[in-house]
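Quick notes on the structure that follows.
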Ligand code: NOJ
């Protein structure tokens, strides 16, 4: 890459300031932030020229006011920008819009430091992929990486340098609406997906104009909000924090994630944005993170109602000293840091460090070489919704769907069946793309289930459609029409679920049933005696006991994105054999929550087979088991697991554990299976979960085909936070399980000596 400040930034003062730094011949991001001497010289020299106010300016992030997700505290960002008091803007999502603001930064500020543009690009930008939880259900890391790559291609063409993704919060409470944004309940799966997403967004060279900075959020333990109520309190042991909630953040960091975002919650009495333990002790000192930390939206300000800061000034002091580098939307750093330095409550060095981290990312993106490199409107037009991206989105949607039930092989449907297509989501082109769908089109671009089926069949002559009811509300007046068309059909396909706005931020629910009168609609259709195929769209695990009783087949489609209807048609008619597996446990009822597969055994584990076994850890009214366990998902074919073997029975601490198992496709369709390996450390200096996912492999098997799958476990896979909090494996007995879901497994044992 050529360095060409002088050509593209015709400002004399800028040229004078930067001319000493323009003779670099290497790409800015060829070297990492810590080992890039040219970058260090450049940033050192820039920092020397910056006033304290200008350094503070780098730590300020304001929204452009387009997609406001919370209270806007200050909208005078243009004047701040001209004064060099604004380092980054979010919620601008067009090349032209971003260029206009960049021009001000470059041409009208004293130092001409480029702005950074951020946006919530969560599951696609224009071409919308399934919601993140749905993508996680694919267990297909290559495809998940590809989805993030496509999002980065499209977003970067719209002038976006930085996405506030991936969300890597482990979530075990489906009442929490933000379950939809993450990768589910599991530490290992969540960590692998975190890495895949970071790779996809950032690519291997941040200086390319189609790569964007990723952001691991929300640090930390946000998914553990009490009672699943968003923004609520989190109180947990350090062991639980380090074992369950931190690993996906560490995985993102190991993959080179550029930024971290703090969370809204307090953790053990200290709000995340003022939490030195999280931000400095762990993130910087222990993990050696060298990117920058941004807060979530006004979360420094929120330390006042949390009861942690007595006023804004103190909140600013606590946040910057804890390790926050950039203040999102709160304006607290802007208004208070200078005074805090003058009063010796914050060192100028700390502010210089924060500014340095932010400037380094701008440098690594190549913005000092060419601040306009992301703003090519022709590229923007050419890039959005390219056919190859739409194909990828369709493929991802197909892979994300989970077949929960398929009695009497009602699926796949044969093409000549008369179909009654019923439900508020059957012809929908808006909810189908899901929440946090950035610039995804809600007005006709997305393919509805009706359109998908019609296109698949080449005609709609065998499809009779009616809505039946709304997603919410209690209007049953269209039931009679639904019953009428059901009676005329061979099979009823019902497309039901949540509205897209029922999951996501601030969307907690205490009732996880399919909302409104949709359940009553199923009951009415059931009376016709016609087979029912239920297609669900939802952003979280729902309680589906009733639906599971009455429907013949259930396909969990999540919110499948722009190509959702086409993908659903492929699955329903058997052009794609479903292969998704649940990344989150589906409870029987809300009273079981939190429910997840890797629980502890307790001193009184309940054995449902033993009658009259009272005084055990159980409920009186429902079994302990969920409706659908973690890792569960059916296929149109069947798989047999056999010959689970470990290379030895005993291992010393230097040896790897080699596991083999044979999988055979015993059904009549080719299909993909996700082979899952779990372990249990039977006893330890602290108790261990009954199962922990350690490996998985997704693979295709033709009918009748057998494949031997090999897994290698290392000592690290057996390690945990022991009683003295050191992370290590302990000698003793282990169980090892391999199977098709967390509940249905073959079992063997080995010993670590
Ligand atoms: C608040 C959300 O919690 C966060 O996930 C998001 O990135 C920011 N708003 C910016 O929109």
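Values in this text are rule-based calculations from the coordinates and carry no lab data. As the structure is a computational prediction, the values presented were derived from the model and not from experiment. Ideal geometry is used to build each Cβ from the backbone, glycine not excepted, and the neighbour counts take in all protein chains shown.
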**Study point:** Gain in span if fully extended, residue 548 to residue 622, counting 0.36 nm per residue against the direct Cα distance
**Key:** 25.1 nm
Check your understanding: Is segment 354-403 rounded, prolate or oblate when judged by the Cα gyration tensor, a ≥ b ≥ c being the square roots of its eigenvalues, rounded requiring a/c under 1.5 and prolate requiring a/b larger than b/c?
Key -> oblate
Check your understanding: In what sequence do 215, 469 fall when counting other Cβ within 10 Å, fewest first?
Key -> 469, 215
Study note, to complete from the structure: Packing-ranked peptide list from 656-665, 131-140, highest mean Cβ count within 10 angstrom first, is 131-140, 656-665
Practice item. Please report, in Å, the Rg and the Dmax of segment 564-630, where both are computed over Cα atoms only. Key: 17.3, 51
Point to revise | Which of 341, 121, 150 has the fewest Cβ neighbours within 10 Å, and the rest in rising order | key: 341, 150, 121
Check your understanding: Angle between the Cα long axis of helix 141-157 and the longest principal axis of the chain, 0 to 90 degrees, nearest 10?
Key -> 40 degrees
Study note, to complete from the structure: Ratio for segment 354-454, C-alpha Rg to 2.2 N^0.38 Å, reads 1.67
Practice item. Counting only C-alpha contacts under 8 Å and six or more residues apart, can you give the relative contact order of segment 399-461 as a whole percent? Key: 27 percent
Point to revise | Cα-based shape type of segment 430-505, given that a ≥ b ≥ c are square roots of the gyration tensor eigenvalues and the cut on a/c is 1.5 | key: oblate
Review point. How would you rank 38-49, 715-726, highest first, on the average number of other Cβ atoms within 10 Å across their residues?
Key: 38-49, 715-726
Study note, to complete from the structure: Taking Cα atoms, the helix 387-400 axis meets the longest principal axis of the chain at an angle in degrees (rounded to 10) of 50 degrees
Study note, to complete from the structure: In nanometres, the difference between 0.36 nm per residue of separation and the alpha-carbon distance of residue 705 and residue 235 is 164.2 nm
Practice item. Using all C-alpha to C-alpha distances in segment 474-525, build P(r) with 10 Å bins and read off the rounded percent in each one. Key: 21, 44, 24, 10, 1
Exercise for review: Using the Kirkwood radius over Cα pairs, work out the Stokes-Einstein diffusion coefficient for segment 198-245 at 25 °C and 0.890 mPa s, in µm²/s as a whole number.
Suggested key: 187 µm²/s
Review point. Taking the Cα-to-Cβ direction at residue 461 and at residue 666 and moving 7 Å from each Cα, how far apart do the two end points lie in nm?
Key: 4.2 nm
Revision key, fill the gap. Semi-axes in Å, largest first, for the chain (Cα gyration tensor, √(5λ)) are 45, 32, 24
Revision key, fill the gap. Between residue 642 and residue 276, the FRET efficiency computed from the C-beta separation at R0 = 56 Å comes out, to the nearest 0.05, as 0.60
Review point. By its C-alpha gyration tensor, with a ≥ b ≥ c as the square roots of the eigenvalues, how is segment 621-712 shaped: rounded for a/c under 1.5, else prolate for a/b larger than b/c, else oblate?
Key: oblate
Point to revise | Extension reserve of the residue 388-residue 78 stretch, reckoned as 0.36 nm per residue once the Cα distance is removed | key: 107.8 nm
Check your understanding: So how far apart, in nm, are the two label points at residue 655 and residue 723 if each is 7 Å from Cα heading toward Cβ?
Key -> 2.7 nm
Study note, to complete from the structure: Taking every DSSP bridge whose two residues both lie in the chain, the antiparallel percent to the nearest 5 is 55 percent
Check your understanding: For the residue pair residue 511 and residue 304, what label-to-label distance in nm results when each label sits 7 Å from Cα along the Cα-to-beta-carbon direction?
Key -> 3.7 nm
Exercise for review: Would you mind ranking 347, 742 by Cβ crowding within 10 Å, fewest neighbours first?
Suggested key: 347, 742
Practice item. Beta carbons within 10 angstrom, averaged per residue: use that to sort the peptides 534-541, 545-552, 187-194, highest first. Key: 534-541, 187-194, 545-552
**Study point:** Amide N of segment 543-568 lying under 18 Å from the label point, which is placed 7 angstrom from the Cα of residue 442 along Cα→Cβ
**Key:** 559-565
Study note, to complete from the structure: Dividing the helical contributions, -39500 (n - 2.57) per DSSP H run of n ≥ 4, by the residues of the chain yields a 222 nm value, nearest 500 deg cm²/dmol, of -8000 deg cm²/dmol
Check your understanding: Does a label point 7 Å from the Cα of residue 227, set along Cα-to-beta-carbon, have any residues of segment 492-533 with amide nitrogen under 20 Å, and which are they?
Key -> 503-513
Revision key, fill the gap. One finds the C-alpha centres of segment 334-366 and segment 469-534 to be spaced, in Å, by 54 Å
